[in-house]
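Here is the structure we will look at.
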Amino acid sequence: MHVQVLFPINAEAFTYLVPDELQSKIKTGIRVLAPFKKGKKVGIVVGFDKDPSVAVIARGQSPRSNLKTDEKIATHPSDARNDKNKLNDKKEITLKTIEAVLDEEPLIPENLLKLIKWTGQYYISTSGLALKNAVPSGIFEGKKSGKSRITYDDIRPVKILNLNSEQKKALSEITNVQSGAFLLHGVTGSGKTEVYLRAIEALGDKEAIVLVPEIALTAQIIDRFRSRFHEKVAFFHSGLSPGERISQWWKIRNGDVKVALGVRSAVFAPFKNLGLIVIDEEHEASYKQFEGLRYSARDVALARAKIEGIKIVLGSATPSMETFYHAKKGNIRYLELKHRIEQKPMPRVEIIDMTKEDKRALSYSNKLLSVLKENVSRGHQSLIMLNRRGYSPFLMCTDCGYTYKCPACSITLTYHKDTKTLNCHYCNSYLEPQDFCPECKGTKTKYIGIGTQRIEEELRALIPELSLKRMDRDTTKRKLAHYRIVKDMEEKKIDVLLGTQMVAKGHDFPDVTIAAVVFADVALNLPDFRSSERTFQLFTQLAGRAGRGDVAGEVYIQTYEPLHYVFDYVRNHDYEGFYKKEIELRKELSYPPFGKLIRIILSFKNKDSAANIIKDISKRIEKIIPPRPPLTKGGRGDYQVNTSDIEILGPAPAPIEKIRNYWRWHLILKGKNSKSLRHTALGILEITKDIKNIRVDVDVDPINLL
C-alpha cells in the first residue's frame, strides 16, 4: 500500500509505503508519523496510490524553489512540476515507510481536506501551506490543550428585541433554503447581528461559523453569542495562547460546540455537520492574509459553502464593490435592511473645511472642540479617529531636509513620543533619534504631520477635564487590553475614545453621540485603485457608531479636500450613489469586478543585481507572452489595440520598494478570464524557477498593491 501524506510545510503531498501491520489502521484524514529528511514529521493521510509513479523528490520552501534533490521522499505523482526527462541523470529514489498511525479515527474531516486542497491550488501555493494555516501547529506537535485565561462567568444577559419587518423578511429568506449565498446589506445599527443569531438558532442540529474582523471581536459580540448559545461557542482570535487555540480546535472537532466565532483562521473550523457560514463586515481588508499563503477568508468561505452545499451570508453596511456587483447581477441573493432598529435616525454628517476653519491647534478646529465640550457636559460620549499611529509620521532636520528612514525598509520612521523612538511599522525595528542631524550635524528638528499620540496630547491640553483613552495597536498590545478599553466605554468611565480605525469597527456604545475624523485626507491619496472605496467604507462605519441610543448622532469630518467626491456620499449615507460612481471607474480600467488581478512580487537581497535579473526575466516573459503594442492611430482616426486577454503591468519597482531588507519589484497580471490569467502566472513562475538569489511571492486577488 502507498499513501499520500501531507505535512504542514510549503509542499504538496509525499508518497510513502505502509507496512503490512499498519494497513488496516490507515484512513484518509488520520495523522501518521513518517521519516522526513534526517528526522521525523507528523502529517495527514490525504489519499492512496495503488501504483505510484515515483518521479519527484522533496522540494524547498516555495513552489518555485530549485534546491538540491537528494532526499529520498517522493511527492504526489500528479505534481505539476513532474518532469521525468529531467530526472534521468538523478539518483534513484527510494520510498520511505511510515512508522506509526496516531489516530483511531480521521482527525481532519474529508470536507476540510477538500477545502485545504482547493485553497492551495487557487492561491497558486501548496496544500501543505494551506494545512499549516488550517490546523494549529500544536496538533502536529502533540501539545496539550491550555485552559482559557478569559472567563465568561459574568456574562450579562443581552436584551433581545423583536424583529422588525425588514429583519423578518431577511431571516425568512435565509432559513427557507439549504444552500446558496446571500448579501445582507444593512445600514449601521439595522440589527444584522440579530439576524445572524436567529439564522443559527434555526439550523437545528447543524453547526455555524461566524467570521468577524479582528478589531470587531470584542467583549460585546462575545457577550451576545454566549448569552444565546452559552458554552456551545468556540472562539478564535490573535489573543489566544497556543494551548488555548488547541483547546478551542478540539471542542469543534469533537462536536462539543455549535458555533465557531472568530477571525480569519476560523474559516477552517473542523466542523463535520456545517450548515451556515456568516461573514460579518465582509468588506474588511483584515480577512486577507498578506504573507505566506495570501488567502482571503471571505473567498475561502464562499468556496467552502459551495464544496459542502450549505448557505453563506455576507453582511455589511458598505459591501465591497465586487460583492455588491455580484448581488446586482443575481449571482448572490440580495437582502436589504434600510432602517435602523426602532426607527432610530441616521446621524447628521458635517464636512469641516480646514482651509477656512479657525483652529486652536494643528489637529482640531474650534468647531469640533466646542462640540466635544458640549457633548461631555451633557453626559454623552465621543469617538475621534485618525488612521495613523504614533506621534508624527516623520522627523525632519529643518537645516538640510534630512528625514529618518528605516534602514531595512524604504519608508520614513514614525516618531513615538511615549517611547521616544522612531519606529518602522513594517518590520517593527526602531532607533533613538540623535541630538544632531546625521547628515549635516544641525540641531533643528521638526515633527512633520500628526498621529494618534499627538492628537491625544493636544486634546488633553485643550480640554484637560476630559476622561480620555487612546485605542490603537500601541495601546492594545497586551492581552485583553482591547477588551478593557471597550468595557470602560460601556461603563461610561471614558468621555472620549480616540484612536485609529479600531474605534470605528464593531462597537455598539449607546451613549456615543459624536463621532469625528480629525485628518480625513490620510486615506484619500494612496496609490491604490481601492483608496476611495476604503475611505468611504471607513468613514461610513465610523459614522455608524454615533446615535445608536436614545439621542441622535452627529458626525464631523475635518478635511483639507472638502470637494472630494467621497464626502458627498458619506454625508448622505449614499452607498448606492458611491457604488454607481466608482463602478464606472473600475469598468473603464478593467479592474475588479470587471477583471481579475494576480500580483507577482520579486524580492532581492541586493539592489544592483536585481536590475540585471529583472532584465533577464522581462526577456523571458516576452518570449512566452508577446508585449502589447503601443496605441497606434488607424486610417479612420480609430485606435488599433492588442485584443489579448492578459495585460501585464511591469515588472516595476513596488511602491514600497524595500521591506525587511528585501528590494521588491512586482508584476500585475490583469485579465477577464481567470483560467488564462492563472496559466500566465504559472508560466512566469516556471521561467523564473532556475534563477538564483530571488524570492517569488504570488498574490491572487490582491487587495493591496503597495
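The values are calculated or read from the model by the stated rules, or taken from the named source; none is laboratory data. These numbers were taken from a predicted model, which means no experiment stands behind them. When we count neighbours, we look across all protein chains shown, and the Cβ atoms used for this are built from the backbone with ideal geometry, even at glycine.
Figures for the structure shown
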{"read-out": "Single residue of the range 316-340 satisfying the filter (touching a Gly at 6+ places or on another chain (Cβ under 7 Å) and buried (at least 19 other Cβ atoms within 10 Å of the Cβ)) that is modelled with the lowest pLDDT", "value": "Arg340"}
{"read-out": "Residue satisfying all of: in the range 93-128; among the β-branched types (Val, Ile, Thr) and outside any loop (DSSP other than H, G, I, E, B); farthest from the chain's Cα centre (by Cα) among these", "value": "Thr97"}
{"read-out": "The listed residue being surrounded by fewer than 16 Cβ atoms within 10 Å (Cβ to Cβ), part of a loop (DSSP other than H, G, I, E, B) and touching a residue at least 60 places away in the same chain (Cβ under 8 Å), out of Lys477, Lys492", "value": "Lys492"}
{"read-out": "Within the range 419-473, tally of residues that are at pLDDT below 85 and of a type in the set (Asp, Glu)", "value": "1"}
{"read-out": "All positions within the range 341-365 that are farther than 29 Å from Ile448 by Cα, outside any strand (DSSP E or B) and either of a type in the set (Lys, Arg) or in contact (Cβ under 8 Å) with a residue 24 or more places away in the chain (or both)", "value": "Ile341, Glu342, Lys344, Pro345, Met346, Pro347"}
{"read-out": "Residue list for the range 242-279, filter: closer than 21 Å to Ile174 by Cβ and among the aromatic types (Phe, Trp, Tyr)", "value": "Phe271"}
{"read-out": "Count - residues of the range 438-465 that are in a helix (DSSP H, G or I) and either of a type in the set (Lys, Arg) or closer than 23 Å to Asp399 by Cβ (or both)", "value": "2"}
{"read-out": "Selection within the range 372-426 - among the hydroxyl-bearing types (Ser, Thr, Tyr) and out of contact with any strand residue (DSSP E or B) (no Cβ under 9 Å at 6 or more places or on another chain)", "value": "Ser377"}
{"read-out": "Flag for His482 being crowded, with 21+ Cβ neighbours inside 10 Å, assigned to a loop (DSSP other than H, G, I, E, B) and either out of contact with any His (no Cβ under 7 Å at 6 or more places or on another chain) or outside the structural domain of Val566 (by TED's automatic domain parsing) (or both)", "value": "no"}
{"read-out": "Selected residue (criterion: surrounded by the most Cβ atoms within 10 Å (Cβ to Cβ)) from residues of the range 408-440 that are farther than 27 Å from Arg470 by Cα and in contact (Cβ under 8 Å) with a residue 60 or more places away in the chain", "value": "Cys409"}
{"read-out": "Search result, residues across the range 404-437 that are in contact with a helix residue (DSSP H, G or I) (Cβ under 6 Å, 6 or more places away or on another chain) and in a strand (DSSP E or B)", "value": "none"}
{"read-out": "Among (1) more than 30 Å from Glu322 (Cα to Cα); (2) exposed (fewer than 12 other Cβ atoms within 10 Å of the Cβ); (3) modelled with pLDDT of 90 or more - the single one Gly637 does not satisfy", "value": "(3)"}
{"read-out": "Criterion: of a type in the set (Lys, Arg), in a helix (DSSP H, G or I) and modelled with pLDDT of 85 or more - qualifying residue of Lys658, Lys675, Lys670", "value": "Lys675"}
{"read-out": "Within the range 509-546, considering residues that are in a loop (DSSP other than H, G, I, E, B) and of a type in the set (Asp, Glu), the one farthest from Glu457 (Cα to Cα)", "value": "Asp528"}
{"read-out": "From Tyr579, Tyr591, Tyr569, residue being over 23 Å from the mean Cα position of the chain (by Cα) and touching a residue at least 12 places away in the same chain (Cβ under 8 Å)", "value": "Tyr569"}
{"read-out": "Within the range 14-33, considering residues that are among the aliphatic types (A, V, I, L, M) and modelled with pLDDT under 95, the one farthest from Arg294 (Cα to Cα)", "value": "Leu22"}
{"read-out": "Residue count for the range 174-205, restricted to those that are at negative phi and in a strand (DSSP E or B)", "value": "6"}
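So that you can scan it fast, the table gives a plain yes or no per residue for (1) crowded, with 17+ Cβ neighbours inside 10 Å; (2) in contact with a His (Cβ under 8 Å, 6 or more places away or on another chain):
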{"position": "Ile514", "(1), (2)": "yes, yes"}
{"position": "Asp528", "(1), (2)": "no, no"}
{"position": "Ala543", "(1), (2)": "yes, yes"}
{"position": "Glu561", "(1), (2)": "no, no"}
{"position": "Tyr569", "(1), (2)": "yes, no"}
{"position": "Asp574", "(1), (2)": "no, no"}
